[in-house]
Amino acid sequence: MTDKAKRFPLTLASVVDQKSKADHSKRSVATPQTATKNAAWDSSRPAPAAPVSKPMARPAQTASRVERSGSMVSDGVRKAMVDRVARQGVKDAKVLAAMEAVPRHMFMEPGLSSQAYIDASLPIGHHQTISQPYIVARMIEIMRDNQQGGVLNRVLEIGTGCGYQAAVLSLVAKEVYSIERIKPLHELARSNLRPLRIANIRLHYGDGMLGLPQVAPFDGIILAAAGLEVPQALLDQLTIGGRLVAPVGSRHQVLQLIQRTSKFDWTSTTLEDCHFVPLRAGTV
C-alpha cells in the first residue's frame, strides 16, 4: 500500500522483537475456521453483555506494550493469514493490504498472541471478542464496494473492542470514528493503538446505538455487534449512497448490507451467516 508509511510511521520491525519473530516463524498456523464453524465454536461460551473527543495523543511506547508485541512473530505468519482470507473469497486488494499491514497480535493479551493469526474470534475481556480476520475483511470489502469507487471519506464503527478493526479501517478511509460502550475496552483500544501512531482515528466512549450525529453523515458504517434490527439513528447518519454493514439476528445471525438510496429510502440485502456478540444500548 502506497500510504502505509504515512499511516504507520512506526514500522513493524521497530515494535516487534527480531529474535522472537524468527523463533515464532517455525510455528504452524491453525486450520482456518469459516464464519459458520466459528459460530459453533463460540456458542459454548457465556452470552456477552455489548460525544466528539479530541484526537488521540501520541505518547511514548510503554515497556509493557513492547513486551507484549515482542511475543509474536514474523510478517510471514500475517501474510499467510491474509492469503487464507483471500482464498475464502475476499478480493479487494486495498483491504487485503490493510489486513497485512496491521499487527493483529498487538491487540491480543499475551496468552493469546500465539493464536492471533488463526481465523477465529478470540476473547478480549468483558465478554467481548476480537472478530475473526475473514469477517473483518469481508465487512470492510462490502462497505467499500460503493458507487464512489471505494472512496470512504468518513466511516463509523460501532463497537471499538480492542481497536483492531479501527486500525484496519484507518488504511482504507480518510477519517475513522469508533464508539465503544464499555469504558475499560475504550481505554484498552486507546492503549493498543498508541504505539501505531495512527492520526485519522477518533475514539469515543458512548452508546453506539445513537451513532455520532454531530459528525455525520458517514460514507460507511460497520457494526461489530448484532441486534434484532439496525437502529434507525444509524440509518439516518448514512450519506445518500452510503453503505452500512451489520450482523442482524439473535440465535441465527446474518450479515446484512443496507444502502441509502435517497433521503427517506434504504435497501437491504442479506449476505451470509455470521456470529457476533449482542448489540446493547447504554454505557458501562
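The values are calculated or read from the model by the stated rules, or taken from the named source; none is laboratory data. Just so we're clear, the structure is a prediction, and the values are computed from it rather than from any experiment. Positions of Cβ are backbone-derived with ideal geometry, glycine not excepted, and every protein chain shown enters the neighbour counts. These area figures cover heavy atoms from the full protein model, side chains too; ligands, DNA and RNA do not enter into them. Shrake-Rupley method; radii C 1.70, N 1.55, O 1.52, S 1.80 Å.
Whether any residue in the range 217-235 is of a type in the set (Gly, Ala, Ser) and either surrounded by fewer than 16 Cβ atoms within 10 Å (Cβ to Cβ) or modelled with pLDDT under 95 (or both) is what I want to check.
Looking for residues that are of a type in the set (Gly, Ala, Ser) and either surrounded by fewer than 16 Cβ atoms within 10 Å (Cβ to Cβ) or modelled with pLDDT under 95 (or both), one finds at least one in the range 217-235, hence yes.
Residues checked against (1) among the acidic types (Asp, Glu); (2) open to solvent by 50 Å² or more (accessible area, probe 1.4 Å); (3) part of a strand (DSSP E or B):
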{"position": "251", "(1), (2), (3)": "no, yes, no"}
{"position": "258", "(1), (2), (3)": "no, no, yes"}
{"position": "266", "(1), (2), (3)": "no, yes, yes"}
{"position": "280", "(1), (2), (3)": "no, yes, no"}
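Within the range 175-183, does at least one residue satisfy the condition of being out of contact with any helix residue (DSSP H, G or I) (no Cβ under 7 Å at 6 or more places or on another chain), modelled with pLDDT of 95 or more, buried (at least 18 other Cβ atoms within 10 Å of the Cβ) and of a type in the set (Ser, Thr, Tyr)?
yes
For residue 150, state whether it is among the small types (Gly, Ala, Ser), buried (at least 22 other Cβ atoms within 10 Å of the Cβ) and in contact with a helix residue (DSSP H, G or I) (Cβ under 7 Å, 6 or more places away or on another chain).
In short, no.
Any residue that is at pLDDT 95 or above and touching an Asp or Glu at 6+ places or on another chain (Cβ under 7 Å) - is there at least one of those in the range 92-99?
Yes.
Within the range 80-109, can you find the residues that are open to solvent by less than 10 Å² (accessible area, probe 1.4 Å), within 22 Å of residue 151 (Cβ to Cβ) and either of a type in the set (Gly, Ala, Ser) or in a helix (DSSP H, G or I) (or both)?
Hits for the range 80-109 are 95, 98, 99.
Looking at residue 147 and the list (1) under 18 Å from residue 80 (Cα atoms); (2) out of contact with any Lys or Arg (no Cβ under 9 Å at 6 or more places or on another chain); (3) of a type in the set (S, T, N, Q), which single condition is not satisfied?
For residue 147, the failing item is (1).
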